[in-house]
């Protein structure tokens, strides 16, 4: 995992033993926060388990440790009515059930939060190789936006305050595509562009696979394979797909500046964002993001970063577990 500065294998202190989890559509990351470090960290494929509780039991069996005192779960889906439902998987997380699996006194010892909210809480403690700088000066205050592109898509707005970060939740993945993005898709795909209607339909792992299938007519291909075969020196279907996604990401980021005014920076997170922006397609993204147009002067002031630490949401969950709860 990149950027492991906050992760050690030191003995647990025994004072705090909070289980933290980042539940994505494909994988779940878990660790124990001892008040200073993430311990017993691992990643588990969701497909191997029928439910989140089953996955928890497997984690505890494989990595036994001392008694847990609390739990904070960041999940890729909305948290409503004291429960969470994974957007891209038929899993429901109930605090009282999690407490039973972990032998905690009650469901009050389990906190649920959206995964992008956890990423937002992690921003101020990330540094070094946990972040990769794409453009602009280092962010110094102001509103910041986390853009998550993995199995699904979502954003969250972060604003610093004297009491700590204030993190605003959203569900932008299911919102309609911005018109500028939709127009480019229609120009490239013609009538086939009608298959892509929401942000998550394109800015996600499944979106990358779908775009490849629509461009080629050969059917979908796994996003990891498309990214692995990206080569700007070779005019392949994979290269064309990744370059188009990077172009569309730039257009989307431009629109997000208008929506949220993230003058403190845009932070891309998730496996798809890292995969695309770690290639030379990042130049395509930047060209699209800073193209001439309205408010270009303001857009050019926005730093763009990539969260390269796969465990950043665990750090955010640990902060939330330490009573730094979302207030918006």
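Structure summary
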| quantity | calculated |
| --- | --- |
| Condition check for residue 138: within 13 Å of residue 265 (Cβ to Cβ) and in contact (Cβ under 8 Å) with a residue 24 or more places away in the chain | yes |
| Segments classed as strands (runs of 3 or more DSSP E), wholly inside region 24-95, with at least 3 members that are surrounded by 15 or more Cβ atoms within 10 Å (Cβ to Cβ) and in contact with a helix residue (DSSP H, G or I) (Cβ under 6 Å, 6 or more places away or on another chain) | 27-33, 70-75 |
| Criterion (touching a strand residue (DSSP E or B) at 6+ places or on another chain (Cβ under 7 Å), surrounded by fewer than 17 Cβ atoms within 10 Å (Cβ to Cβ) and either in the same structural domain as residue 173 (by TED's automatic domain parsing) or over 19 Å from residue 274 (Cβ atoms) (or both)) met by exactly one of 198, 216 | 198 |
| Checklist (1) under 20 Å from residue 253 (Cβ atoms); (2) surrounded by fewer than 19 Cβ atoms within 10 Å (Cβ to Cβ) applied to residue 116, failing item | (2) |
| Top-ranked residue in region 103-113 [being out of contact with any strand residue (DSSP E or B) (no Cβ under 6 Å at 6 or more places or on another chain) and in contact (Cβ under 8 Å) with a residue 12 or more places away in the chain; ranked as surrounded by the fewest Cβ atoms within 10 Å (Cβ to Cβ)] | 103 |
| Considering residues of region 138-151 that are modelled with pLDDT of 90 or more and part of a loop (DSSP other than H, G, I, E, B) only, the residue farthest from the chain's Cα centre (by Cα) | 143 |
| Matching residues in region 153-168 - criterion: being touching a strand residue (DSSP E or B) at 6+ places or on another chain (Cβ under 7 Å) and surrounded by 24 or more Cβ atoms within 10 Å (Cβ to Cβ) | 154, 155, 156, 158, 167 |
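The values are calculated or read from the model by the stated rules, or taken from the named source; none is laboratory data. Small disclaimer: the values here were computed from a predicted structure and weren't measured. Methodologically, a virtual Cβ is constructed for each residue, glycine included, from the backbone with ideal geometry; neighbour enumeration extends over all protein chains shown.
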